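Let me begin by presenting the structure, written as structure tokens, before commenting on it.
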Amino acid sequence: MEKMLLKQILLDQKHILQSYEIEPRAYDIKPQMNYVFVGVRRAGKSYMLYHVIRQLVAEGHSWDEILYMNFEDERLENFDTNDFSLLLECHQELFAVETPLIFLDEMQNIPGWEKFARRMADSKVHIMLTGSNAKMLSREIMTTLGGRFIPMDIYPYSFAEVLNVLAIRHDEKALLQTNLRAKILRQYSEYLHWGGMPETAHAQQKRQYLSSVYQKIYLNDIAARNKISNLSALRLMVKKVADSLRQPISYNRLSNIVSTINGKISVPTIQSYISAVEDAWLLLRLRNIAGSLTDKESVCKYYFVDNGFLNLFLFDGETALLENQVALELFRRFGHDLENDTVYFYHSGVEVDFYIPAEEWAIQVCHSFNDPQTLKREKDGLLKITKVLPCRRRTIITYDTSGTLHDEQGDIEVIPCWKWMLSTED
């Protein structure tokens, strides 16, 4: 690349960086460590970099020390690994800083980025990175990085973060005040329907905004990056996953459904499509803890990384939105990597929505108890799972019902999702 263009981009992006308003995220970040932040597009990964940069400046570092580059800039389309050294050179010429603090955004756009990152870390240069592709945390890349970086998944805003951004108190005293509790519950309904993508917190046209971000993920991060030409088949597959969100679904079934409507699509093609959607962080996979090795990979449940995206596909999908939100909160608390051995579902004769082995915790999601058969089914699942898996804790998460149920194995706590999301004990 031309040095003059790189210098222009460095100056332009630094100006934007200095003027950007920062909303702190609820993550424990140590500014002196090297991180790789990974998550879906527009989830707030850049905020993490901005926040750390502001912390470092507040601690006495100068803005001249900061080398920030966002590789979503269309002027960097031809940037490759050979240009990293040129980037360092341009920064030194502009600011006379020999060892900058490096912050690089959306690194998945540059093949081979991990070798440069490793070289900088080995040279004791402070460097932080973000990316929108799950493969950035693959075993191969993390091996190349050699333990020099802390990987961290960045999700859209939690419910507590949304309330903080909107300046809605949600401490214990606030919950006892009628007007504040009403505000919290109104925002809870908004959150379940429109999710926690940072820009939606203040957006007036939430559906339009989410639709535009989804199209960017769908066309750029999934279709273009993976050279998928059959866009109608891909679109139909994602729609079917949304429709089937609460049930396990197999590659074979997806292949049959898409083939019936869109022409023959093979099972390996469906597998590749699912992998591409997962890599873009749009879908998060949940495996059956009771399944065979083959079924664990081929018959899974899939959740959307944000309720706002899921809601684009649904009509009258209140129960699906509630279950999706519970899944996201569990992933946020317990993690979700490529292996995902922290959160499962249980399906063998009966179904339990979630099981966390480390906590010996079984969870059902039930929108309401209006239907006695629904309540019986949820209780039966929580009773029968105790016969095959250790369960120190059993919970039913609802839309707005609370209380305690009992069976021969003891108590089952019932808690509204909003209250559970705001709790800090789990």
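None of the figures in this text is laboratory data; all of them are computed from the coordinates on show. Computed from a prediction, not measured in an experiment: that's the story for all the values here. Reconstructed Cβ throughout: ideal geometry from the backbone, glycine too, with neighbour counts over all protein chains shown.
Worth pointing out:
- Inverse of mean 1/r across different Cα pairs in region 325-426, Kirkwood, Å: 13.9
- Structure note, pairs 135/301; 296/419; 301/419; 7/45; 14/227; 115/227: Cα-Cα distances above 28 angstrom occur for 296/419; 14/227.
- Positive-end residue, the chain charge dipole about Cα centroid, Cβ charges, pick of 320, 130, 88: 320
- Alpha-carbon centroids, region 287-318 and region 242-274: separation in whole Å: 13
- Relative contact order, whole percent, for region 198-422 stands at 13, derived from Cα pairs under 8 Å and 6 or more residues apart.
- Given charges at Cβ of Lys, Arg, Asp, Glu: the chain dipole, positive-most of 267, 37, 277: 267
- Exposure proxy ranking, count of Cβ atoms within 10 Å, fewest first, for 4, 33: 4, 33
- Mean projected area (nm²) of the alpha-carbon convex hull when the chain is viewed from all directions: 22.5
- Among 31, 416, 372, residue whose mean-square fluctuation peaks in a GNM of the chain (springs only between Cα atoms under 10 Å): 372
- For region 254-357, a simple Cβ point-charge model (Lys and Arg +1, Asp and Glu -1, everything else neutral) yields a dipole of about 220 debye relative to the Cα centre.
- Sorting 337, 306, 153, 353 from the fewest to the most surrounding beta carbons within 10 angstrom yields 337, 153, 353, 306.
- Springs join every pair of Cα atoms under 10 Å in this Gaussian network model of the chain, and among 366, 90, 300 the largest mean-square fluctuation is at 90.
- Cβ-placed point charges (K, R +1; D, E -1), dipole of the chain about Cα centre in debye, nearest 20: 820
- Computed packing ranks the peptides 194-203, 176-185 as 194-203, 176-185, most packed first, by mean other Cβ atoms within 10 Å.
- Take the convex hull of the alpha carbons in region 3-153; its mean projected area over all directions comes to 8.3 nm².
- Relative contact order, whole percent, for the chain stands at 12, derived from Cα pairs under 8 Å and 6 or more residues apart.
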